[in-house]
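Everything below concerns the one structure shown next.
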Amino acid sequence: MYTLETYTEKRETVWAYEPFTGQIVDTPVNGSAPGPWEIQANSPNKFVDCVSHIEVPHTASIKPCHNCTGIGRTRCTTCLGQGMCVCTYCNGSGHLFHNQNTSHHGNNHHNQHTPCSWCDGNGRKRCGVCIGHGQVPCPLCTATGQLKCFIRLTITWTNHPVDHIVERTTLPDELVRNVTGQIAFEEELPRVWPINHFSDHTVNTASRQLVERHNNQFVNERILLQRHKVRIIPVSEVIYTFEQQDRNFYVYGYEQKVHAPDYPQQYCCGCAIL
């Protein structure tokens, strides 16, 4: 099994903002802003996906919040700025209606209304969100009225694995990927060269094709590292006869896992055959 991993880095910039609460502001007065690839940043771990956000130096400024025009408060969307809402208990009528019997035989009824105790008969009650003010703190600037605007650099480290399995049995490839075996070859370099000396020529061909594909595939990313290796996974095929029929199963990997989809008894003594 041949495996190639290409570890890349991608950098993107976008304007961003955050509430201004008195933090340090690195403005263009302090110097020219560096380019995306001029900022020093390293991946925490090799061949591990990771994302990092960095403020580009000398790009920050303070501006009034565009959501509240610098006031720090916005109209309450629950009461639409009125400070009062329709009473949901009496549906805005201010009264509660009750049926009352006027005959001893219970045949005559008429409706009697009483003032709603939830809104004191007004049909409207104070908004529970803005407490009757009609405005709420601006969620964008957290009521400060100001935003710190800057260019944000997003760095994305991505590991791109690809493999080629030389399998001459009917054992599914996905099973081979999840087991261990002997490491016959392993190499890590900024750019690896295709393998050309392995005994199985199909591995050499696969290495040449995959390395060439990766070297031309990530046009918007920078290749930091590559590594490839060849694993030899032991696979044994067992042929047996059951009820005058020839059958088989496989034992594979150092874990000695078993693949027997046609085994006559899938469950025996609490054990499951994969």
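The values are calculated or read from the model by the stated rules, or taken from the named source; none is laboratory data. Owing to the predicted nature of the structure, the values given are computational and were not obtained by experimental measurement. Note that we place each Cβ from the backbone using ideal geometry, even for glycine, and neighbour counts take in every protein chain shown. Accessible surface areas use protein heavy atoms only, side chains included; no ligands, DNA or RNA. Shrake-Rupley method; radii C 1.70, N 1.55, O 1.52, S 1.80 Å.
Restricting attention to segment 125-181, which trypsin sites (Lys or Arg not before Pro) occupy a DSSP loop and are surrounded by at most 10 other Cβ atoms within 10 Å?
Sites meeting the loop and neighbour criteria: Arg168.
Using a/c under 1.5 as the rounded threshold, could you call segment 1-145 rounded, prolate or oblate? The axes a ≥ b ≥ c are square roots of the C-alpha gyration tensor eigenvalues, and prolate needs a/b larger than b/c, oblate otherwise.
The shape class here is oblate.
How much of the accessible area of the chain, in percent, comes from carbon and sulfur atoms when a 1.4 Å probe is used?
50
What relative contact order, as a whole-number percentage, does segment 110-248 give when Cα pairs under 8 Å and 6 or more residues apart are counted?
Relative contact order of segment 110-248: 21 percent.
Rounded, prolate or oblate, given the Cα gyration tensor of segment 4-79, with a/c below 1.5 counting as rounded?
In terms of gyration-tensor shape, oblate.
Let me check something: with ligands and nucleic acids excluded, how do Arg75, Arg227, Arg208 order by accessible area (1.4 Å probe), largest to smallest?
Result of the area sort, largest leading: Arg75, Arg208, Arg227.
Would you mind working out the magnitude of the charge dipole of the chain relative to its Cα centre, with +1 at each Lys and Arg C-beta and -1 at each Asp and Glu C-beta, to the nearest 20 Debye?
1500
Let me have the 222 nm mean residue ellipticity of the chain computed from DSSP H runs of 4+ only, each contributing -39500 (n - 2.57), with the sum over all residues rounded to the nearest 500.
Working: 2 runs with 22 residues, N = 274.
Value at 222 nm, helices only: -2500 deg cm²/dmol.
Calculate the length of the line joining the C-alpha centroid of segment 119-176 to that of segment 214-250, in whole Å.
The distance from the Cα centre of segment 119-176 to that of segment 214-250 comes to 38 Å.
Just the accessible area per residue of the chain, please: how many Å² with a 1.4 Å probe?
Value returned for the chain: 64 Å² of accessible area per residue.
Can you bin every Cα-Cα distance in segment 127-274 into 10 Å intervals starting at zero and give me the percent of pairs per bin, rounded to whole numbers?
In whole percents, the pair-distance histogram is 8, 23, 19, 14, 11, 10, 10, 4, 1.
With only alpha-carbon pairs counted, each pair once and no self-pairs, how large is the Kirkwood hydrodynamic radius of the chain in angstroms?
The answer is 27.0 Å.
Mean separation of Cα pairs under 8 Å and 6+ residues apart, divided by the residue count of segment 1-156: what relative contact order is that in percent?
Relative contact order for segment 1-156 comes out at 39 percent.
What do you get for the angle between helix 201-217 and the principal long axis of the chain? Use alpha-carbon atoms, 0 to 90 degrees, nearest ten.
So the helix axis and the longest Cα principal axis differ by about 40 degrees.
Where Rh denotes the Kirkwood radius from the mean inverse Cα pair distance, what is Rg over Rh for segment 111-208?
Details: Rg = 34.5 Å, Rh = 22.5 Å.
Over the Cα atoms of segment 111-208, Rg/Rh equals 1.54.
Lysine pairs in the chain 8 or more apart or on different chains: how many have alpha carbons under 23 angstrom apart?
Number of lysine pairs found: 4.
Looking at segment 150-234, which GluC sites (Glu not before Pro) are in a loop (DSSP not H, G, I, E or B) and have at most 16 other Cβ atoms within 10 Å?
Of the GluC sites (Glu not before Pro), the ones in loops of segment 150-234 whose Cβ has at most 16 other Cβ atoms within 10 Å are Glu167.
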